[in-house]
Amino acid sequence: MKHIDLIIKKIKACLRKRKSYQVHEPMFPKNTKKVLSDCINSTYVSTNGKYITKFQNEIKKLTKSKYVLLTNTGTSALTLSLKLSNVENCEVLVPTMTFVATPNSVFYAKGIPHFIDSGKQDLNIDSIKLDKYLDKITINKKGKCINKRTKRIIKSIIVVHSYGYPADMPSIINVCKKYNISIIEDAAGALGSFLNKKHLGTFSKFGILSFNGNKTITTGMGGAIMIKNKNDYIKLNHLISTARLNHKWSIKHDEIGFNLRMSNLNAALGYAQIKEIKNTLKCKKNLYNSYISKFVDDKICHFLPIDDNSQPNYWLTNIFLNKKYRKDHQKLIKMFHKKNIFVRELWTPQHLLRMYSNNPRSDLTNAVNHWKSGISLPSSYY
């Protein structure tokens with residue numbers, strides 16, 4: 001299996017020497033302990049404190065989002081966005097090439113995930129294929145997009161910016177306007193990613209971020225909602241705070257809310273990192289370019305193209321085996337692991353999971369082909 005050995009040799013040549021390599025590890029600046037100590041010394045380690053405001057403001061500054069709310073997870077952020085989009089008993093279009101939290105959030109919001117495909121040269125939603133599919137299966141009734149097969153309303157679409165790489169938002173927006181479908185952006189892994197100089201997650205009414213342990217910036221666990229509308233911001237801020245009424249000493253609530261806020265301690269961890277995000281993104285891009293340089297005109301594997309108007313954050317770099325070598329996909333992953341390079345498969349297409357096996361779906365050939373040939377490489381060892 002000389003071609004497998006050659007791939008591993010090329011990848012290892014791009015990484016600084018160490019005993020083992022994970023797909024992703026956090027990059028903590030030197031002052032991180034100082035910031036965390038300051039937070040602890042303040043005694044404000046729960047859901048109040050200055051670092052919540054500081055971290056929110058830094059996200060606003062980077063993304064140019066008008067309103068930002070910090071949450072305890074990215075999943076919570078997405079679920080809340082779906083709840084405010086009123087998707088209960090409605091179908092929500094979800095790319096099958098995504099992490100399980102995306103369709104799970106639809107389920108939590110009492111909607112029905114409806115799976116759609118990726119592009120042939122792109123892990124993100126194929127807008128042309130989506131348009132043709134919706135034209136075939138839907139009918140417009142009084143301004144609502146109705147699935148002719150299930151008789152349910154198709155209310156929203158979740159646009160996932162897979163692995164931090166921008167989806168074609170202008171084209172997707174045009175399709176959604178045509179069918180009167182609202183958009184929520186799942187930019188969980190896309191902090192620091194831009195399309196046409198506009199930050200991902202800010203093209204639509206709601207966009208969410210994740211700060212899980214494997215993200216470009218981590219708060220241990222955490223997420224955020226980027227919000228366009230002031231009224232939506234007020235409503236969400238109320239809901240995530242147990243719907244508690246603002247009063248100095250009286251503890252009263254006016255509806256059933258949620259306790260889904262980020263703690264000040266978690267926010268302090270995120271604040272320390274986001275202040276150095278330019279350097280982090282530069283290092284990740286340099287590693288990506290190093291990988292690319294080793295596989296120019298390679299006959300065994302390839303990387304997916306990036307549009308000139310896209311500026312990804314290179315959260316995770318994925319390599320794909322050419323069709324002739326797909327049969328060696330699992331062998332290659334096992335060999336990487338034997339060399340202590342702990343690569344991963346791409347996300348399992350969600351329609352293949354037991355709990356979503358009977359959900360409505362389009363043809364999903366492209367996503368399955370990507371899954372059978374793609375491998376996530378170490379993306380943190382600069």
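For ARG326, the shell of other residues with beta-carbons less than 14 Å away shows a net charge of +4, using +1 for Lys and Arg and -1 for Asp and Glu. Within the range 66-120, the proportion of Cα pairs with more than 17 Å between them is 38 percent. Sorting the segments 241-250, 269-278 by their mean number of nearby beta carbons within 10 angstrom, highest to lowest, gives 269-278, 241-250. Summary of the geometry: the range 152-201 and the range 350-382, compared by the centres of their Cα atoms, lie 18 Å apart. Taking 1.002 mPa s as the viscosity and 20 °C as the temperature, the Stokes-Einstein diffusion coefficient of the range 117-174 based on its alpha-carbon Kirkwood radius rounds to 172 µm²/s.
Past 24 Å, Cα to Cα: identify those pairs from LYS34/LYS54; LYS151/LYS177; LYS144/LYS197; LYS136/LYS198, in the order given.
On the way: LYS34/LYS54 15 Å; LYS151/LYS177 20 Å; LYS144/LYS197 33 Å; LYS136/LYS198 32 Å.
Violating the 24 Å limit, Cα to Cα: LYS144/LYS197; LYS136/LYS198.
Checked against a 20 Å cut-off, the cross-linked pairs LYS50/LYS275; LYS9/LYS338; LYS285/LYS327; LYS2/LYS324; LYS83/LYS155 give Cα-Cα distances beyond that limit for LYS285/LYS327.
Dipole of the chain computed with +1 at Lys/Arg Cβ and -1 at Asp/Glu Cβ about the Cα centre; of ILE227, ASN366, CYS14, farthest Cα towards the positive end is CYS14. How much net charge surrounds ASN86 when only the other residues with a Cβ under 11 Å from the Cβ of ASN86 are counted, with Lys and Arg +1 and Asp and Glu -1? Charge balance near ASN86 sits at +2. Comparing GLN273, LEU260, ALA243 along the charge dipole axis of the range 239-278, the residue lying farthest to the positive side is GLN273, per the Cβ-charge model. In a reduced charge model with +1 at each Lys and Arg Cβ and -1 at each Asp and Glu Cβ, the chain shows a dipole moment near 480 debye about its Cα centre. Based on C-alpha pairs under 8 angstrom that are at least 6 apart in sequence, the range 297-353 has a relative contact order of 28 percent.
Each Lys or Arg adds one and each Asp or Glu takes one away; over the other residues whose Cβ falls under 13 Å from the Cβ of LYS275, this sums to +3.
Just want to confirm a number: the relative contact order over the range 32-276, from Cα pairs under 8 angstrom separated by 6+ residues, in percent. Each step should come with its number before you reach the end.
Values: 511 pairs, mean separation 66.5, N = 245.
It rounds to 27 percent for the range 32-276.
Just so you know, all these numbers are worked out from the coordinates, no wet-lab data involved. Quick caveat: nothing in here was measured; it's all calculated off a predicted structure. Counting neighbours? That spans all protein chains shown, and the Cβs are built from the backbone with ideal geometry, glycine included.
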